1. Rounded, prolate or oblate: pick one for region 1-126, where a ≥ b ≥ c are the square roots of the eigenvalues of its C-alpha gyration tensor, a/c under 1.5 means rounded, and failing that, prolate if a/b is larger than b/c, else oblate.
2. Build a GNM of the chain with springs between Cα atoms under 10 Å: which of 223, 16, 195 gets the top mean-square fluctuation?
3. Using a 1.4 angstrom probe on heavy atoms only, work out the carbon and sulfur share of the accessible area of region 124-282 in %.
4. Alpha carbons only, please: Rg and Dmax for region 67-202, in angstrom.
5. Averaging sequence separations of C-alpha pairs under 8 Å and six or more residues apart, then dividing by the length of region 21-138, give the relative contact order as a whole percent.
6. Sorted from largest to smallest, which semi-axis lengths in Å does the alpha carbon gyration tensor of the chain give for its equivalent ellipsoid, taking the root of 5 times each eigenvalue?
7. Give me the accessible area per residue for the chain, probe 1.4 Å, as a whole number in Å².
8. Grab the beta carbon distance between residue 36 and residue 190, set R0 = 41 Å, and tell me the FRET efficiency rounded to 0.05.
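The values are calculated or read from the model by the stated rules, or taken from the named source; none is laboratory data. Since the structure is predicted, the reported quantities are computational estimates derived from the model, not experimental observations. Glycine gets a Cβ as well: all are built from the backbone with ideal geometry, and neighbour counts include every protein chain shown. What goes into the accessible areas is simple: the full protein's heavy atoms, side chains included, and nothing from ligands, DNA or RNA. Shrake-Rupley method; radii C 1.70, N 1.55, O 1.52, S 1.80 Å.
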Amino acid sequence: MTIFEILLQQIGLFVIYLMAGVILVRTKVLNKETLEPISKFVIKMALPVMIFINIIDGVNKEILSGSWPILLIAAGFYVVMFLVSLWMTKFFHLGENRAGIYQAMMLFGNIGFMAVPVISNVFPGNGILYVSVFMIFDQFMLWTLGVKLTTPMGSGRFDPKKLINPATVAILTGMILMLTEVRIPSLLDTGLQKIGATASPLAMIYIGGIFAELPLKKYLKEISLYGIVLVRMLLAASLMFLVLGFFPVNEEIRLAMALITGMPTMTAVVMMANASELDGDYALGGVFVTTVCGIVTLPFVCWLLQYVM
């Protein structure tokens, strides 16, 4: 199968999982209270295990040593997107309770729930390393700049403890074992693989369950949300691929970084906005619109970059 066909298959699975979540909530099998434990399991167990097991099984020292440009790429991406997002808040005349949220939605893509399974399947050899290295910088930015943007008057303070979470621990532990060439028992490896495999379907079922209770028409009319789709998920993703052509990185990294850039909005933005008593519904609408649009834009970007550019 080609990369495009693998991506289409992955997106098709996402649609099935999303619809399952919608159906489970509409039929009252699940509700807000029962969805929350699913989210916690994915974030604190399934996703970190998936990252860990993919690193120790699919990455080696040579691959890691050649991945340092990804950190520079991530840093450049956030600087540019911050400036662009600031301009877009003025362009759409967003009020104080939405401006910071909008910038956060522009900056932070759904790396955990979508990029990890997509990239690891599209690039089964090195994909998880690309996502993991990018995620290290992404987590740092989320708990520093992200906190500032989603706090009234930008009064949020950086708490270094928030950088220590199951995902970052899984990344660092996996890299240590990989560098020291320590192998875990095969039975444990198999068990962790099975647990990690639940991350993607459960995450998308959770998102689908949340969408089932949304007033869809209200968010579909929010023009500003389509700005995120156009600027980050289409233009920025394509530009990322083109700009990286001027750097000493291979085609696989170029396409992986483009797809990561084109991911829908991170669901954590909703939680952060609600915690600060800002317009959490607007953030939820952003997750909905970008996720639904991502079903089309991700395969389109992949096709465009592979067969046209």
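1. Cα axes put region 1-126 in the oblate bin.
2. 223
3. Carbon-and-sulfur percentage of accessible area, whole number: 69.
4. Considering region 67-202 through its Cα atoms, Rg and Dmax are 17.5, 57 Å.
5. 35
6. 28, 23, 20
7. Working: 14050 Å² over 309 residues.
Per residue, the chain has 45 Å² of solvent-accessible surface.
8. In this case the efficiency is close to 0.90.
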